[in-house]
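The structure under discussion appears below in the form of structure tokens.
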Amino acid sequence: MKGSLENLNKKIIRCKKCPRLSSYIRTVATKKVKRFSSQKYWGKPLTGFGDINAKLLLIGLAPAAHGGNRTGRMFTGDSSGDWVAKVLYEYGFATVPFSREVNDKFALINAYITAAVRCAPPQNKPLKEELDNCSSYLKEELFLLGNVRVIVCLGKIAFDSCCRLLQIKGVKFVHGKSFVHGKYVIISTYHPSKQNTQTGRLTWKQWQDIFSKAKAVLN
Ligand code: SF4
């Protein structure tokens, strides 16, 4: 399966199925922002990463323009990544509590991180056709990650993508909700974006509870 995942990842990195997003990520990578102006941005679609035997899968929305699109790894180098890394470390799914750049010491343990869309979208809002275009990658990834038992969906878009993929109907996104579907336990949470964490919509305790639940299922 490792070889197949590598092939999938090569395909993702080369993908240009969404002209709007392909153009946007290149533009962001060229223009940059002042605080990262000396850095070389990744500026390409992002693959998932982690332990290929993982039992825990996190599905995010998409890479952040100046986070993953800059560093080349999802949830790396932005505030959402800080929350993800810290909680995964706390529950034994990561080696260190920070994820800042591809060459840091952050590695996932029994966990894998991916996203519904692999290119950073403007305003973090992918179009429906872009979600559709990218869904085949998530499908293939889920098939190749054969040991996954718990799927944590970060935000409504990730949750809806997961439901479409697994043909789950009639279930609405609710923070903290979990249910069994086939071999999976699916848990939904608000996305750990600044808009949610800085406004108190997602508290650290609520965030911990999600991973405490995931851990309990896997123990
Ligand atoms: S969002 Fe997905 S399908 Fe669209 S260009 Fe990026 S990798 Fe390809």
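A simple charge model with +1 on the Cβ of Lys and Arg, -1 on the Cβ of Asp and Glu and nothing else charged puts the dipole of the chain at about 540 debye relative to its Cα centre.
Under 5 Å from the amide H of residue 202 lie the amide H atoms of 197, each residue being 5 or more positions distant or on a separate chain, with H modelled from the backbone and absent for Pro and chain starts. Counting only DSSP beta bridges whose two residues both lie in the chain, roughly 35 percent are antiparallel.
When both segment 166-206 and segment 130-159 are represented by their alpha-carbon centers, they are found 14 Å apart. Apply the a/c threshold of 1.5 to the C-alpha gyration tensor of segment 97-211 and tell me whether it is rounded, prolate or oblate. Since a/c stays below 1.5, the shape of segment 97-211 is classed as rounded.
Taking a ≥ b ≥ c as the square roots of the eigenvalues of the Cα gyration tensor of the chain, is the shape rounded (a/c under 1.5), prolate (a/b larger than b/c) or oblate? Present the calculation step by step, with values, prior to reporting the outcome.
Numbers: a/c = 1.40, a/b = 1.24, b/c = 1.14.
It comes out rounded by the Cα gyration axes.
Placing +1 on the Cβ of every Lys and Arg and -1 on the Cβ of every Asp and Glu, with nothing else charged, gives segment 81-200 a dipole about its Cα centre of roughly 380 debye. For the chain, what % of the accessible area comes from carbon and sulfur atoms, probe 1.4 Å? Heavy-atom surface of the chain belonging to carbon and sulfur, 1.4 Å probe: 52 percent.
Label positions at residue 10 and residue 208, each projected 7 Å from the Cα along the C-beta direction, are separated by 4.5 nm.
If you count the DSSP beta bridges with both ends in segment 95-219, what percent of them are antiparallel, to the nearest 5?
Counting only bridges with both partners in segment 95-219, antiparallel ones make up about 45 percent.
Determine the dipole magnitude for segment 21-75: charges of +1 sit on the beta-carbon of Lys and Arg, -1 on that of Asp and Glu, nothing else is charged, the reference point is the Cα centre, and the result goes in debye to the nearest 20.
Magnitude of the dipole: close to 340 debye.
Here each label is just a point 7 Å from Cα along the line to Cβ, and for residue 30 and residue 52 those points are 3.6 nm apart. The residues of segment 56-200 have, on average, 42 Å² of accessible surface per residue, using a 1.4 Å probe with all protein chains present. What are the DSSP H helices in the chain that stretch 30 Å or more along their long axis, judged by alpha-carbon atoms, and whose average Kyte-Doolittle hydropathy comes to at least 1.6? Correct list, ordered by number: empty. Run the paramagnetic zone check for residue 167: 7 angstrom along Cα to Cβ, then residues of segment 112-145 with backbone nitrogen under 19 Å. Zone members listed by number: 132, 135-144. Here the simple spin-label model places points 7 Å from the Cα toward Cβ, and for residue 199 and residue 177 these points are separated by 2.0 nm.
The values are calculated or read from the model by the stated rules, or taken from the named source; none is laboratory data. Nothing here was measured: the structure is a model prediction, and the numbers come from that model. Reconstructed Cβ throughout: ideal geometry from the backbone, glycine too, with neighbour counts over all protein chains shown. The accessibility values were calculated without ligands, DNA or RNA, using every heavy atom of the protein model including side chains. Shrake-Rupley method; radii C 1.70, N 1.55, O 1.52, S 1.80 Å.
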